[in-house]
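Here the structure comes first, spelled out in structure tokens, and everything after it is commentary.
Readers should treat all values here as calculations from the given coordinates under stated rules, not as data from a laboratory. Remember, predicted model here, so these are calculated numbers, not experimental data. Please note: Cβ atoms are built from the backbone with ideal geometry, for glycine as well, and neighbour counts cover all protein chains shown.
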Amino acid sequence: MSDIETQVATEDHSHDHSHGHDDHGHHDQGWFMKYCWSTDHKIIAMQYMFTGMAMAIVGGFFAYAFRMQLAFPGADIPGWGVMNSAEYNSLVTNHGTIMIFWVAMPVLIAAFGNYLIPLMIGCDDMVFPRINRLSYQVFLLSAIVILVSVALPEGGFGGAWTAYPPLSSDSAFNLRPTSQTLWVVAVGLEFVAFLLGGINFITTVMNSRAPGMGMFDIPAVVWMIIIASILFMLSVGPLLAGAIMLIFDQTIGTGFFDPKQGGDPILWQHLFWFFGHPEVYVVLLPACGITADVMATFSRKKIFGYKTFLYTAFATGILSFFVWAHHQFIAGIDPRMANIFTVTTLMISVPIAEMCFLFIATLWGASIRLTTPMLWALAFVAEFLIGGVTGIFLGASGADIWFHDTYFVVAHFHYTFYPIAIIGTFAGVTYWFPKMFGRMMSDTWGKIHFWGTIIPFNFIFIPMFFLGLAGQHRRIYSYELFPELSTPALQNLRILATCALITMLIFQVIFLLNFIISMFRGQKAGKNPWKANTLEWTADSPPGHGNWPPDELPNCYRGPYEYGTPGRDTDYWPQDEPS
Amino acid sequence: MLNEAITTYGKDIDFLVALIAVIVGFFWIVCEGLFFWLIWKFRARDGHDTKYVPGETKEEKKWISRAHVLILLCDVVIVVFAVKVWVEVKQTLPEPENAQVVRVIGQQWAWSFEHPGADGVLEASEAHPNATDDNIWMVDELHLEVGQIYHYKLESRDVLHSLSIPAFRLKQDAIPGRQIMGWFKPLETGKYDFQCAEMCGIGHGVMGAQVYIETPENHAAWMATHGSVAAND
């Protein structure tokens, strides 16, 4: 990490004026103050991004280990050893928890949010830079706590990422007296970090926009991160309260979720999913925003119906608060409730489908350049569609009786979360890399990495739809005890998925090498390598402290997607160019 | 690869799934087809400029809004069929004269099943104070008679479990402190997997049982042997 940041620093000082706006008390900070104690939104974004990438390696390794166990039950797994069921449970639990809370959220919301919001709205930093720094520090602490909980001698918590009590609330049932509590503490701390970050994002966008930037002139990715932050703030309260109740149940013997003491285990499920479903959109929307920005730039087109696009995101956000019980159809809630939640759940298909239609319509009359970021953005739409349509099966209560807790669900949500957290992230990283590090990534290696990721991805998860249809239930470390599930045909599907996963993981090495080598050796990018309109491309690459010289902060004159406007010599029209 | 549905409502669930597959499959193929066709048709080429289509006029937006109405209509169809099946499985309890009752109990990490004995009564009551004496207890084996409507009473002794029989297309979580009623009517004989589908701890992966659907004669024979064993205890 230090090399990377030294590089950024050298770049900073190679630009004359960056000395100019380093003046307000930021000289001679020393390495630690500059990179570990910084209040600069760009440094904090990098901290979030590298922490998220490191956690992705951990989560990916967990997936490798438990997929090996599923493909070759009882085998001595290279890098792990022979796996028992307790280890298996801990790995699937922490794979899910880490990938959502410590990979998708920090990278999509915190890293892109921190990096892009001030640059895209044309201001020098977040309005609360110290709260921003605190947000990352709390987040880092939470990441350390979750890693410690997994590494404890007693073993990590294995009660699934949903942590349903009474299993999660009583160590007599889960046999993990310490890691059960550390797991909840880590998740709670992570929520605090993102509340601090979210406050900052919302306040900054409401107050610090460039002069002239109206609500519909804000680029999609910024809007989406703001909506995500609002959704997160509105939904996380109940679960944070629930997490504290769960810790009390675990440690001081209260009985909020214990039926023997008059509590109710279903209460946790309501609190969890009241947060858990909006959470899906908290990570989905930023990925949609990234896709919109990348698609506009490389199709040289205005987003088709940009206002409608934003309205679909608002509608999705509002509806997401009324669908949570579709995760609980068969959990023992009043069966009449399922009918209401089936209706609300299917209603959400309307705005989401409309958003997909808008993406597709944007391509009409375009001039599509298939660069690496564009490939990722297009893949997001193509793959997310599969996740979207398979969700209908699960939202329809009658069909969910069969599919609930099977691999059909696993395949479905990986077809949503993978496009969001992995494809969306790669689209964003490859698109903004020139701005972040001042150099271009290799397009050829980027495309090799793209195909080496997308093709195996489908081979991992398409078999899981069929395994789910065959009745394979989730979170089972070996199917040898189930005659219907231990047939050679099904085992071959499991082996196929595992081999595809390993192939995909190997291709990530190409990305890491491309990332690191391009940082030092890549072609110099210049301010606006993609000929894009939004304000971040008017700053230096990489931008110095304060983003623009203090007296040269940009003004905004038009919307973010004026590509191909008739009557102009160039096919783009930057937001800061006076009419 | 797919096991056949062997309950009455299992076939209705299969129909619902097929219906949804046709509807969403149509949208999926049209969307992906259009998407890839547009990527090919509008690839960057010399001499082809971008069209300026903001998509903000009514004329442009009709392409979206028409598809939108179609989605709403399809949603209505899916909701109607989904709710119909849901009500059949979860909100109705067919009560013919001869409905059998079986208690299903989940605990870490086994299923136990309690059948009424020769008297045909599962629960003790004022009218039948000794009804439970001849009840038949089985662990990890559920024996049922084909073509018979069964009511199940689902309980848990410790954490959440989930009764799941893929061939029945049935799933229902068990919650400690509650008894949940439901029903099924198996239509074919055979031996089928019975799973726990809710994470229940370290032994979740080994918490499996078997369902034996037997002809009336075989089932009566089984009842007779196990009933007498229980009576001898």
Can you give me the span-like helices of chain A, meaning DSSP H runs with 30 Å or more of Cα extent along the axis and Kyte-Doolittle mean at or above 0.0? A:41-71, A:129-151, A:179-207, A:220-251, A:265-299, A:372-395, A:443-469, A:488-521
Among beta bridges that DSSP assigns inside the protein assembly as shown, antiparallel share in %, nearest 5: 70 percent
Could you give me D for chain B, from Stokes-Einstein at 20 °C and 1.002 mPa s, where the hydrodynamic radius is the Kirkwood radius over C-alpha pairs? Units µm² s⁻¹, please. 99 µm²/s
What distance in nm separates the simple spin-label points at A:F322 and A:T203, each placed 7 Å from Cα in the Cβ direction? 3.3 nm
Need one number: convex hull volume per residue for the range A:402-479, Cα atoms only, in Å³. 98 Å³
Multiply the residue separation of A:D76 and A:A54 by 0.36 nm, subtract the distance between their alpha-carbon atoms, and state the gained length in nm to one decimal. 5.4 nm
Neighbour counts of other C-beta atoms within 10 Å: give me A:L175, A:L490 arranged from fewest to most. A:L175, A:L490
Among DSSP beta bridges whose residues both lie in the range B:100-232, state the antiparallel percentage, nearest 5. 70 percent
Taking the Cα centre of the range B:8-91 as the origin and placing charges on Cβ (Lys, Arg +1; Asp, Glu -1), which of B:W37, B:V76, B:T50 is farthest toward the positive end of the dipole? B:T50
To the nearest 0.05, the calculated FRET efficiency linking B:V69 and B:A224 through their beta-carbon distance, R0 being 45 Å, is 0.10
What do you get for trypsin sites (Lys or Arg not before Pro) in the range B:30-85 restricted to DSSP loop and a cutoff of at most 16 other Cβ within 10 Å of the site's Cβ? B:R45, B:K51
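Pull out a ≥ b ≥ c, the square roots of the eigenvalues of the alpha-carbon gyration tensor of the range B:8-91, then state rounded if a/c is under 1.5, prolate if not and a/b is larger than b/c, and oblate in the remaining case.
Judged from the Cα gyration tensor, the range B:8-91 comes out oblate (a/c at least 1.5, b/c at or above a/b).
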Once every Cα of the protein assembly as shown carries one equal point scatterer and solvent is ignored, give the base-10 log of I(q)/I(0) from the Debye formula at q = 0.07, 0.08, 0.09 Å⁻¹, two decimals. -0.54, -0.70, -0.87
Once you order the gyration tensor axes a ≥ b ≥ c over the Cα atoms, which shape class does the range B:100-232 get: rounded for a/c under 1.5, otherwise prolate or oblate by comparing a/b with b/c? oblate
Determine, from the Cβ-Cβ distance of A:W37 and B:W40 and an R0 of 56 Å, the FRET efficiency 1/(1 + (r/R0)^6), rounded to the nearest 0.05. 0.65
How far apart, in nm, are two points set 7 Å out from the Cα along the Cα-to-Cβ line at B:R157 and at A:N555? 7.8 nm
Here the FRET efficiency for B:E188 versus A:A241, based on Cβ atoms and R0 = 60 Å and rounded to 0.05, is 0.80
I need the semi-axes of the equivalent ellipsoid of the range A:205-253: take the C-alpha gyration tensor, multiply each eigenvalue by 5, square-root it, list largest first in whole angstrom. 39, 9, 6
Determine, for A:I144, A:I495, A:I303, A:I454, the number of other Cβ atoms within 10 Å of each Cβ, and report the residues in order from fewest to most. A:I144, A:I495, A:I454, A:I303
Cut-off of 10 Å, at most 15 other beta carbons, DSSP loop: longest stretch of chain A lacking such GluC sites (Glu not before Pro): A:155-479
Among B:C31, B:C200, B:C74, the residue with the largest mean-square fluctuation in a Gaussian network model of chain B built from Cα contacts under 10 Å is B:C31
Direction-averaged shadow area of the convex hull around the Cα atoms of the range A:110-212, nm²? 7.4 nm²
What is the spread of the Cα atoms of the range A:284-393 along each of their three principal axes, largest first, in whole Å? 53, 25, 20
